[in-house]
1. In the structure displayed, which of Lys45/Lys213; Lys213/Lys234; Lys112/Lys232; Lys234/Lys270; Lys213/Lys270; Lys7/Lys84 lie more than 20 Å apart, Cα to Cα?
2. Rounded to the nearest 500 deg cm²/dmol, what is the calculated helix-only ellipticity per residue at 222 nm for the chain, with -39500 (n - 2.57) per DSSP H run of length n ≥ 4?
3. What's the magnitude of the charge dipole for the chain around its Cα centre, counting Lys and Arg as +1 and Asp and Glu as -1 at the beta-carbon? Answer in Debye, nearest 20.
4. Using square roots of five times the C-alpha gyration tensor eigenvalues, list the equivalent-ellipsoid semi-axes of segment 28-72 in whole Å, biggest first.
5. Please list, in chain and number order, the residues 5+ apart from Lys285 or on another chain whose amide H is under 5 Å from its amide H, with Hs placed from the backbone.
6. Can you pull a Stokes-Einstein diffusion coefficient for the chain at 20 °C (1.002 mPa s), Rh from Kirkwood over Cα pairs, as a whole number of µm²/s?
7. Which log10 I(q)/I(0) values does segment 36-178 give at q = 0.12, 0.15 Å⁻¹ under the Debye formula, counting every alpha carbon as one identical point scatterer?
8. Relative contact order for the chain: what is it in percent, counting Cα pairs under 8 Å that are at least 6 residues apart?
Amino acid sequence: MKDDGPKGFDLAQLLAERGAERYELHTKHLNHQLPRMLRTIGFDKVYERAEGAHFWDAEGNDYLDMLAGFGVMGLGRHHPVVRKALHDVLDASLADLTRFDCQPLPGLLAEKLLTHSPHLDRVFFGNSGTEAVETALKFARYATGKPRILYCTHAFHGLTTGSLSVNGEDCFRDGFAPLLPDTAIDLGDLDALRRELKRGDVAGLVVEPIQGKGVHASPPGFLRAAQELLHKHKALLIADEVQTGLGRTGDFYAYQHEEGVEPDLVCVAKALSGGYVPVGATLGKDWIFKRVYSSMDRVLVHSASFGSNAQAMAAGLAVLSVGGRGDRGQRPPHRRFSA
Ligand SMILES: Cc1ncc(COP(=O)(O)O)c(C=O)c1O
């Protein structure tokens, strides 16, 4: 007799029966403005299939995916290497998320990821870009013992409350106050940075080397000079590479386009899992992690229930095994992109 596997839930059948209700269900139970907006701009499509950088609708029309899931599909959709890694994880029935052991995959992914930023030593794995930023903000405050974070006008670092406090656009912040008492400077404004640092309460500057909003590149020399100023005042440089990391700009990280820049904390997410599994990572220097996790009773002082889960870790390892863009060993000659 043919074994069709366990019974009880049939995804294909569910989608066949109710997939057509997608816009109606969204309008009724989720953010009702999304279907409204999509209808208004004529994007209320029904995509049936996706592969690489393409979607197809029910009529077989082909759409080029220029949004890439807000940048999570760095390898294109359904990359075979990542897909196989995830099938392998499910088939392996691993003892994942026991929380009272040390699984191999997080260590292996950390080891691999850290090869792209040799000046950094440790990784915290979370589940999203905003969580990677929240981690960096907390670690910077704890490690320096200072409360205030500087950020840039037009910045985007995620939409949870800590990350929102360093968001440079009022349209995202309005109505959610009070936020953390952080302070904006213009990207590239070293005088403003100097002025704020003199107050003596700054834990760090969080910066996207290229801002997603407006696609503003940091001016040549800014990151290096900012790093020097920050370190002089015992504050940290935090590079948010959630959008720009994983080879998106040609080098593995966008900060690497500028010689001598070595951020104290680096935030990664999005393309790290090839778009399949939520993931976030905060990379940092040894002394920062050692301060945060300073004793055994602080072992869980910063943690996440789903952080380091096997699917996300395997997807990350699979992604990093593909392509090798931005490999530090084969780095192209130093160059700067123009804004
Ligand atoms: C630079 C940057 N940081 C953080 C985030 C937040 O990432 P997530 O949406 O995974 O929370 C984003 C999202 O677009 C981003 O572009």
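All of the numbers you see were taken from the coordinates with simple rules; none came from a lab. No experiment lies behind these values; they were computed from the predicted model shown. Note that each Cβ is placed from the backbone with ideal geometry, even for glycine, and that neighbours are counted across all protein chains shown.
1. Pairs exceeding 20 Å: Lys45/Lys213; Lys213/Lys234; Lys112/Lys232; Lys234/Lys270; Lys7/Lys84.
2. Taken over the chain, the calculation gives -9500 deg cm²/dmol.
3. Computed about the Cα centre, the dipole is about 880 debye.
4. They are 21, 14, 10 Å, listed from largest to smallest.
5. Under 5 Å from the amide H of Lys285 lie the amide H atoms of Asp121, each far enough along the sequence or on another chain.
6. 99
7. -0.85, -1.15
8. Computed over the chain, the figure is 22 percent.
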